[in-house]
Amino acid sequence: MNTSGKEHIIKSYDDELTRLTGEIVRMGELSVSQLEAAIDVVERRDERAARRVVGNDDAIDLLEQEISHDVVRLLALRAPMAGDLRNVFAALRIAADIERIGDYAANVAKRSIPLSMVAPVAPAGGLGLLAELAATEVREVLLAYRDRDAERAYQVWKDDVVLDEAYTGYFRQLLTYMMEDPRNITPCTHLLFMAKNIERIGDHATNIAENVWFQVTGEPLNKQRSKGDLTSNPEMTKLGD
């Protein structure tokens, strides 16, 4: 029996999947760079640079569209089953999460524009820590995806609680500043929205981690995860307690 044709199809599929994985990792790195650039323009209060960061989000959107087309091509190349099918659909879902991460990074840059037009406030420096935690999460989960490392993905999934806790602490700090001086309300409101965007980046990193876990193991990640984001708790506003 001549199996050379079948082997060629399998090799083509594997090559396409490897290329697709590389594209998604590159897209993820671009989204992290966007976040870091957004924080840089916040710190420098640079409106022109902020607008460039916002404009760069188009490149991430375009990459997601290209990846979607590549997934369709993979499905046409070979009707994948079981693990192969998980690989293809994980790519599609992970690309969508990365696109949202890019959107949130662009939102941070957008908010930095009106923020740069009011007097600076001390808590603005706290955004950097949140962004660093979020960037680490995304980079770690991209490595987990690249290497098909379920345990590394699971560690990212668990570690998101650190970002949640940092966000909760920052939220409380901003509320305190607003209550102490009404002049702080406008800049701190912008910072609240920016911080929430960064916290949501962490949530999308955990989505990617869940997809990597399922891709590798074939099982959903149904474990209990600690949540450190307490900002929806009414008690958070009782700052005098």
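The values are calculated or read from the model by the stated rules, or taken from the named source; none is laboratory data. Not measured: the values here are computed from a predicted model. As a convention, Cβ positions derive from the backbone with ideal geometry for all residues, glycine included, and neighbour counts pool all protein chains shown.
Whether any residue in the stretch 178-189 is over 17 Å from residue 93 (Cβ atoms) and in contact with a Cys (Cβ under 9 Å, 6 or more places away or on another chain) is what I want to check.
Looking through the stretch 178-189, at least one residue is over 17 Å from residue 93 (Cβ atoms) and in contact with a Cys (Cβ under 9 Å, 6 or more places away or on another chain).
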Legend entry - Residue among 74, 85 that is over 27 Å from residue 125 (Cα atoms) and either free of Cβ contacts under 8 Å to residues at least 60 places away in the same chain or not in a helix (DSSP H, G or I) (or both): 85
Inset, instruction - Name every residue in the stretch 90-115 that is over 18 Å from residue 34 (Cα atoms) and surrounded by fewer than 18 Cβ atoms within 10 Å (Cβ to Cβ), in order of residue number. - result: 93, 114
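Of the residues 138, 121, which single one is within 12 Å of residue 42 (Cα to Cα) and buried (at least 19 other Cβ atoms within 10 Å of the Cβ)? Reasoning before the result, please.
On the way: 138 fails: within 12 Å of residue 42 (Cα to Cα).
Of the residues listed, the single one that is within 12 Å of residue 42 (Cα to Cα) and buried (at least 19 other Cβ atoms within 10 Å of the Cβ) is 121.
Out of curiosity, is residue 168 at pLDDT 95 or above and more than 19 Å from the chain's Cα centre (by Cα)?
Details: at pLDDT 95 or above: yes; more than 19 Å from the chain's Cα centre (by Cα): no.
So residue 168 fails the test.
Identify the residue in the stretch 141-169 that is small (Gly, Ala, Ser) and within 22 Å of residue 100 (Cα to Cα) and, among all such residues, is surrounded by the most Cβ atoms within 10 Å (Cβ to Cβ).
Kept after step one, since they are small (Gly, Ala, Ser), are these residues of the stretch 141-169: 144, 150, 153, 166, 169.
Then drop every residue that is not within 22 Å of residue 100 (Cα to Cα), which leaves 144, 153, 166.
Values: 144: 24, 153: 29, 166: 22.
Here the answer is 153.
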Legend entry - Complete set of residues in the stretch 132-183 that are touching a Phe, Trp or Tyr at 6+ places or on another chain (Cβ under 9 Å) and among the aromatic types (Phe, Trp, Tyr): 154, 157
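Conditions tested, residue by residue: (1) free of Cβ contacts under 8 Å to residues at least 60 places away in the same chain; (2) assigned to a helix (DSSP H, G or I); (3) among the hydrophobic types (A, V, I, L, M, F, W, C).
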| site | (1), (2), (3) |
| --- | --- |
| 23 | yes, yes, no |
| 29 | no, yes, no |
| 36 | no, yes, no |
| 41 | no, yes, yes |
| 53 | yes, yes, yes |
Inset, instruction - Tell me, yes or no, whether the stretch 113-135 has at least one residue that is free of Cβ contacts under 8 Å to residues at least 24 places away in the same chain and over 28 Å from residue 170 (Cβ atoms). - result: no
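Please go through the stretch 27-43 and give me each residue that is among the charged types (D, E, K, R) and at pLDDT 95 or above, ordered by number.
Narrowing the stretch 27-43 to residues among the charged types (D, E, K, R): 29, 36, 40, 43.
Answer for the stretch 27-43, where residues must be among the charged types (D, E, K, R) and at pLDDT 95 or above: 29, 36, 40.
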Legend entry - Residue that is more than 14 Å from residue 124 (Cα to Cα), in contact (Cβ under 8 Å) with a residue 40 or more places away in the chain and surrounded by fewer than 19 Cβ atoms within 10 Å (Cβ to Cβ), where the choices are 172, 183: 183
